[in-house]
1. When the Debye formula is applied to the Cα atoms of region 27-89, each taken as the same point scatterer, what base-10 log of I(q)/I(0) results at q = 0.15, 0.23, 0.30 Å⁻¹?
2. Based on the Cα coordinates of region 54-96, what is the per residue volume of their convex hull in Å³?
3. Applying 1/(1 + (r/R0)^6) with R0 = 25 Å to the Cβ-Cβ distance of residue 29 and residue 70, what FRET efficiency is obtained, to the nearest 0.05?
4. Sorting 47, 17 on the 10 Å Cβ count, fewest up front, what's the list?
5. Of the peptides 37-44, 51-58, 87-94, how do they stack up when ordered by the mean number of other Cβ atoms within 10 Å, highest first?
6. Under 14 Å from a label point 7 Å along Cα→Cβ of residue 3: give me every residue in region 104-119 with its amide N that close.
7. Put one equal scatterer on each alpha carbon of the chain, apply the Debye formula with no solvent term, and list log10 I(q)/I(0) at q = 0.15, 0.17, 0.20 1/Å to two decimals.
8. Extension gain residue 80-residue 115, at 0.36 nm per residue separation less the Cα-Cα distance, in nm?
Amino acid sequence: MRKQYHFRPGPNGLRAWDVHRLVTLAADLPTVQVPLSEIRELDEPYWYGSGAIPTCRSVAEHAQLINEANGAFPIIQSSDGGVMDGMHRVAKAVIQGQDAVPAKRFTTDPEPDYVGIEPDALPY
């Protein structure tokens, strides 16, 4: 898996979670089926928040990642149901006409790995 982070704004600046660490922390959580209708990010600018502009190239890059996504791996959700990892799998499920995806959900969110550091300054 490529190096990636989950980002959310916070009171002390942008919070970032290392997705590899999230996968490890979520490993023992139960896997449940989450209806796609409950995944709010499907109707939000998930990949294009924070001023990112969708270009044809970036859309094509996401399309490639969606095509390669393996829906057998559960997505990871925060305690409030937000997607922390797996939006390409969610998008693939939509394209394939599925109603739900497997998910692991934190009951308490882990502390972020970084706070107040811009994405371009993180190690990749």
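FYI, it's all coordinate maths here, none of it is from the lab. Values in this document were obtained by computation on a predicted structure and should not be read as measured data. Note that each Cβ is placed from the backbone with ideal geometry, even for glycine, and that neighbours are counted across all protein chains shown.
1. Log10 of I(q)/I(0), two decimals: -0.54, -1.13, -1.43.
2. On the way: hull volume 3.3 nm³, N = 43.
So the per-residue hull volume is 76 Å³.
3. Details: r = 18 Å, r/R0 = 0.74.
E between residue 29 and residue 70, to the nearest 0.05, is 0.85.
4. Numbers: 47 17, 17 23.
The order, fewest Cβ neighbours first, is 47, 17.
5. 87-94, 37-44, 51-58
6. Under cut-off, by backbone N: 114, 119.
7. -0.72, -0.94, -1.31
8. Working: separation 35, 0.36 × 35 = 12.60 nm, distance 1.95 nm.
In short, 10.6 nm is gained.
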